[in-house]
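Chemist: This is the structure I have questions about; it appears just below.
Read-outs throughout are calculated quantities, based only on the coordinates presented, and are distinct from any laboratory measurement. Source: prediction; values computed, not measured. Here the Cβ is made from the backbone with ideal geometry for all residues, glycine too, and neighbour counts use every protein chain on show.
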Amino acid sequence: MKPVAGIEARHLARSPLLWLGLGLALTLVTLMQVPFRAWPMLTGDDLLAYQTGFWVGGGTMLAGAWLGLRDRTSGAVDLVAVTPTAPWRLVGARLAAIAVVAIGVLAVAFATALAVSAIRGGRGIPDLRLLADGALAVTLGGWVGMAVGWRSGSRMLSVLAAPVWWAACQIVGTWPSGLGAPPSLAVERLSPLLGLTEHSAEFGFLPDPLWPHLGYLLGLLLLAGVGLLALAARGGGQRPPVVPLLAAMLAGVVLVTAGGVGLVTLPRWLVVLGPDRADWKPASEVLAIDDRSWTYPDDGHARSCAGDATLTACVYPAYGQRLAGEIHGAMGPVAELFAGLPGVPTRARMVPTQAFVHSACRGSEVQIGEPAAREVGGNDNDLRYVDFYLRCALGERTWGGDGAGGGDERPGEAADVVKTWALVASGTMTAEELRRVLAEHGGPPVTVHYPLSPELAAAAWAMAGLPTAQVRAELAPLWDRLRAGTLPVAELPGQRP
Amino acid sequence: MASGTHLRIEGLGKSYGGVAALADLDLELEPGITGLLGPNGAGKTTLIRILATLLAPSAGEVRVNGWRAADAGDRVEIRRRLGYLPQDLGLYPRFTVFEFVDYLAILKELDDVADRHRRVRAALEAVELEDLAGRKIRTLSGGMRRRVGIAQAIVADPELLLLDEPTTGLDPEQRMRFRQLIAGLGGQRTVVLSTHLVEDVAAVCTRVVVLWQGRVRFCGTPTELRGLADGQVWSSPEDGQGAFASWRTESGAYRVLGPRPSPEATSLPATVEDGYLLVTARSRQDAAA
């Protein structure tokens, strides 16, 4: 049946439905990468590549459904039926053709997504298990499509099958509680395509559901394949070999059960509290701790650095020095303003994925969560690196920050004024740009904790009107009170008559 | 070259919802070309589909070289020797001509690639489609598609060839070539040709079966069928009263099938069509009686 599989594969590969899916996938990849929102990184953009499976799977499913329908719609069903070839062999050949083409098309989409990332400067090592997982998922979609087309003989059902199937997958994948699943079980992972969002270049997936998901998908494919072959053999003269089919079915049941149980019982998120696996805690455990003052210890993993005497920025080697330079380039001018003042950061360091935390302050260090560092990288208009620095410099307590109790403690209004001043004084923004942003948004493009009233804005402009050296000199004796949130705005430089 | 197949049909019946399409059919077919004649609804296609193992009979059985079509294992053996052209021919529109015939040749267990391709080319040559081998089927005319259907039916050199209305859609020249082709195939093979075109049967068949309302009304050679009408075909200036059939010809005289319509009537040589018309007309009379 190899020649039949070859002919079918050639025709499937020319199917406009499949190309439609691939086209949508490639458009998605381009649209998601072209605005350069995320720092290019093969480890991480592999998730984007994986998500192309959603569209490729839709195309594969429709193409599979059309193949399943073909004998009936073309009227060739009698010609095929009177051949001595057992129907289950023909179905097997068609399933093989769908698998080959689905995997090939996904590989094209996957490679394209990674190529776009590489062209943008992405480095690192993509997780090829994602390609395998996506390949199994799109193959399953194609087989389900073929089953619908073949058994129903209905064009309408075949067309509807793709959106229904993928909507069902989306519901399972994103809204398991809506299906009555217990919140403690990660039922969403039973979707053929995983809803993975973060891939650490240093620690991989946190947690890693790929191995159980691969087993689960393989099991589903085995069960689907056995089921379709058994249906084809029903009533026919030539039976498929029973022992291998039973073995495949048994293996399918075991894989689906073991993989499924493994998937749903795996924690949804792991928070990395230290370099050892023993320090990786489920997010639910971490969030249950009242004292959230944890920060990440120096594990020596962030080794690619850029900087000067005032501030050094370090990231994981997979990101290279370019990202370190980017972070330093954004934070450096602001750091110059506060250089030498007590408690200000002298280092910015990439730390592992920490659920719900973008940045934290630890001593003289700004800790930037890996996804947050990626997310803002490469976007000139995004001032979040500056924001991370200012929050630590001005002594804000964030979750994971220094200080008893942790949590978002509000610094004084004076800190908001100083942040606004720092944007202009450091040259991060021109006075004109800041004026425009304030007029449009009512606040500066960094985190402020009080609405920037006209009085506070006027205070910031008054500071900006003074020479930077004078402001620095006047701030030095006020610095501890400013960081403690007890300094009134009236005592800031430029406010005294 | 395929060797012939012995086809034995015993007490065959087929009903659709209580309506008998075939009833109590007994036939034995030897190598050669058998024409199945009959009006629409006579049961020709039902019989062909049962012989092709696509339909299970309601009663009786079909044996091909001793293999029982009702037996799943035997059915495969029958299919290994079968070439079939259905009345409602469906082809894969996106395939090329060569690809489609090749595809079915694979399903007919022609595993050797070189030999299979040689046979595909030969089959396409036989139906004069070799120049269109690379054309997509969706671009072909109805007659060309019919020839693709014939090509796939003969590609595996079948011992038993079942052709249901094979000349539908063919122009006169193509029909003539088709007859030549079938006549060439018929020597060692068992060919069953279902048609409502008597001239096709007269041209190529060695045996004729006339079906009427699911029953065999005649089984014999075309000569014997024609012989039934000997002495019953007349050219008459008047329409024949009480005749089986009568129609005005180009000359203005009536061709009358039945008893001599008038003393002026002159006897005409009978044709196979006359014999067929006589059989169906008598069947109708019998049914009415």
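Chemist: Work out from phi, with θ = phi - 60° and the Karplus expression 6.51 cos²θ - 1.76 cosθ + 1.60, the ³J(HN,Hα) of each residue of region A:90-99, listed in order in whole Hz, and give x for Gly and Pro.
Modeler: Working through the residues one at a time gives 5, 4, x, 5, 5, 4, 5, 4, 4, 4 Hz.
Chemist: Additional query: Extending each Cα 7 Å along its Cβ direction at A:ALA111 and B:GLU30, get the distance between those two points in nm, one decimal.
Modeler: So the label points at A:ALA111 and B:GLU30 sit 6.4 nm apart.
Chemist: Non-local amide H neighbours of A:GLY369 (under 5 Å, H modeled in plane, Pro and chain starts lacking H): which ones?
Modeler: So A:GLY369 has HN proximity to A:VAL351, A:SER359, A:ALA360.
Chemist: Separate question: Nearest 5 is fine: what % of DSSP beta bridges in chain A come out antiparallel, could you say?
Modeler: Numbers: 13 of 21 bridges.
Bridges in chain A that DSSP calls antiparallel: roughly 60 percent.
Chemist: Starting from the Kirkwood Rh over alpha-carbon pairs, what translational D in µm² s⁻¹ does region B:183-241 have by Stokes-Einstein at 10 °C and 1.306 mPa s?
Modeler: On the way: Rh = 13.5 Å.
It comes out at roughly 117 µm²/s.
Chemist: So for A:SER117, A:SER453, fewest C-beta neighbours within 10 Å to most, what's the order? Each step should come with its number before you reach the end.
Modeler: Working: A:SER117 26, A:SER453 13.
Ordered from fewest to most neighbouring Cβ atoms within 10 Å, A:SER117, A:SER453 come out as A:SER453, A:SER117.
Chemist: Most fluctuating residue of B:ASP157, B:ASP24, B:ASP171 in a GNM of chain B with Cα springs under 10 Å: which is it?
Modeler: The residue that fluctuates most here is B:ASP171.
Chemist: Also, I was wondering about something else. Semi-axes of the equivalent ellipsoid of region A:55-137: what are they in whole Å, largest first, if each equals the square root of 5 times a C-alpha gyration tensor eigenvalue?
Modeler: On the way: eigenvalues 267, 32, 13 Å².
Calculated on Cα positions only, the semi-axes equal 37, 13, 8 Å.
Chemist: Amide H neighbours of B:LEU161 under 5 Å, counting only residues 5+ apart in sequence or on other chains, H built in-plane at 1.01 Å?
Modeler: Excluding prolines and chain starts, which carry no amide H, the hits are B:GLY83, B:THR190, B:VAL191, B:VAL192.
Chemist: Taking the 0 to 90 degree range and rounding to the nearest ten, how far is the long axis of helix A:454-464 tilted relative to the main principal axis of chain A, both from C-alpha atoms?
Modeler: The angle comes out near 70 degrees.
Chemist: Now a separate question. Express the Stokes-Einstein translational diffusion coefficient of chain B in µm² s⁻¹, to the nearest whole number, given a Kirkwood radius over alpha-carbon pairs, 37 °C and a viscosity of 0.692 mPa s.
Modeler: Numbers: Rh = 20.2 Å.
The estimated diffusion coefficient comes to 162 µm²/s.
Chemist: Going Cα to Cα from B:LYS44, which lysines come in below 21 Å? Please leave out same-chain ones fewer than 8 positions away.
Modeler: Answer for B:LYS44, where 21 Å is the Cα cut-off: B:LYS14, listed by chain and number.
Chemist: Next question, about the same structure. Run the Debye formula on the Cα coordinates of region B:101-181, all scatterers equal and no solvent, and tell me log10 I(q)/I(0) at q = 0.20, 0.21, 0.25 1/Å.
Modeler: Listed by q, the Debye log ratios stand at -0.90, -0.98, -1.31.
Chemist: Going by a 4.7 Å Cβ-Cβ cut-off, which cysteines of the protein assembly as shown have no partner at all?
Modeler: A:CYS169, B:CYS205, B:CYS219
Chemist: Tell me, what is the Rg over Rh of the protein assembly as shown, with Rh the Kirkwood radius over Cα pairs?
Modeler: Values: Rg = 41.2 Å, Rh = 32.9 Å.
Rounded to two decimals, Rg/Rh equals 1.25.
Chemist: Return the calculated 222 nm mean residue ellipticity for chain B, to the nearest 500 deg cm²/dmol, obtained by summing -39500 (n - 2.57) across DSSP H runs with n ≥ 4 and dividing by the residue count.
Modeler: Numbers: 9 runs with 99 residues, N = 289.
-10500 deg cm²/dmol, from helical runs alone.
Chemist: Between A:LEU231 and B:GLN241, what FRET efficiency follows from the Cβ-Cβ distance if R0 is 56 Å, with the result rounded to 0.05? List each step's numbers first, then the result.
Modeler: On the way: r = 63 Å, r/R0 = 1.12.
For R0 = 56 Å, the calculated efficiency reads 0.35.
Chemist: Compute the distance from the alpha-carbon center of region A:81-135 to that of region B:81-112, in whole Å.
Modeler: Centre-to-centre (Cα) distance: 28 Å.
Chemist: Could you work out the mean projected area of the convex hull around the alpha carbons of region A:199-334, in square nanometres to one decimal?
Modeler: Details: hull surface 53.3 nm².
Approximately 13.3 nm², given one-decimal rounding.
Chemist: Averaged over all directions, how much area does the convex hull of the C-alpha atoms of region B:1-85 cover when projected, in nm²?
Modeler: Details: hull surface 23.1 nm².
With every direction weighted equally, the projected area is 5.8 nm².
Chemist: Oh, and also: Roughly how tilted is helix A:431-441, in degrees to the nearest 10 and between 0 and 90, from the longest Cα axis of chain A?
Modeler: Compared with the principal axis, the helix lies near 60 degrees.
Chemist: Percent relative contact order of chain A, based on C-alpha pairs within less than 8 angstrom and at least six residues apart? Let's see the in-between values first.
Modeler: Numbers: 854 pairs, mean separation 62.9, N = 497.
Computed value for chain A: 13 percent relative contact order.
Chemist: Give the dimensionless ratio obtained when the Cα radius of gyration of region A:24-175 is divided by 2.2 N^0.38 Å.
Modeler: Working: Rg = 17.8 Å, N = 152, 2.2 N^0.38 = 14.8 Å.
Against the empirical 2.2 N^0.38 Å value, I get 1.20 for region A:24-175.
Chemist: Order these by the 10 Å Cβ neighbour count, fewest first: B:CYS219, A:CYS361. Show your work: numbers first, answer last.
Modeler: On the way: B:CYS219 17, A:CYS361 25.
Fewest-to-most Cβ neighbours within 10 Å comes out as B:CYS219, A:CYS361.
Chemist: Would you kindly derive the ³J(HN,Hα) couplings of region A:128-140 from the backbone phi angles with the Karplus curve 6.51 cos²θ - 1.76 cosθ + 1.60 (θ = phi - 60°), listing them in order in whole Hz, with x for Gly and Pro?
Modeler: For region A:128-140, the Karplus curve yields 6, 5, 5, 5, 5, 5, x, 5, 5, 5, 5, 5, 4 Hz.
Chemist: May I pose another question? In degrees between 0 and 90, to the nearest 10, how far off the longest principal axis of chain A does helix A:413-425 point, with axes built from Cα atoms?
Modeler: 80 degrees
Chemist: Quick one: if the Förster radius is 35 Å, what FRET efficiency do A:ARG239 and A:ALA118 give, using the C-beta to C-beta distance and rounding to 0.05? Intermediate results must be reported in sequence, preceding the final value.
Modeler: Values: r = 50 Å, r/R0 = 1.43.
Using R0 = 35 Å, I get an efficiency of 0.10.
Chemist: Rg to Rh for region B:101-260: what is it, with Cα atoms only and Rh by Kirkwood? Please report the intermediate quantities before stating the final value.
Modeler: Working: Rg = 20.2 Å, Rh = 18.3 Å.
Value, to two decimals: 1.10.
Chemist: For A:THR486, A:THR310, A:THR420, which order do you get if you count the other beta carbons within 10 Å of each Cβ and list the fewest first? Spell out each step's value before the answer.
Modeler: Values: A:THR486 12, A:THR310 19, A:THR420 28.
So the residues, fewest neighbours to most, are A:THR486, A:THR310, A:THR420.
Chemist: Around B:GLY60, which amide H atoms from residues at least 5 apart in sequence, or from another chain, sit under 5 Å from its own amide H, with H modelled in the peptide plane?
Modeler: Correct list: B:GLY13.
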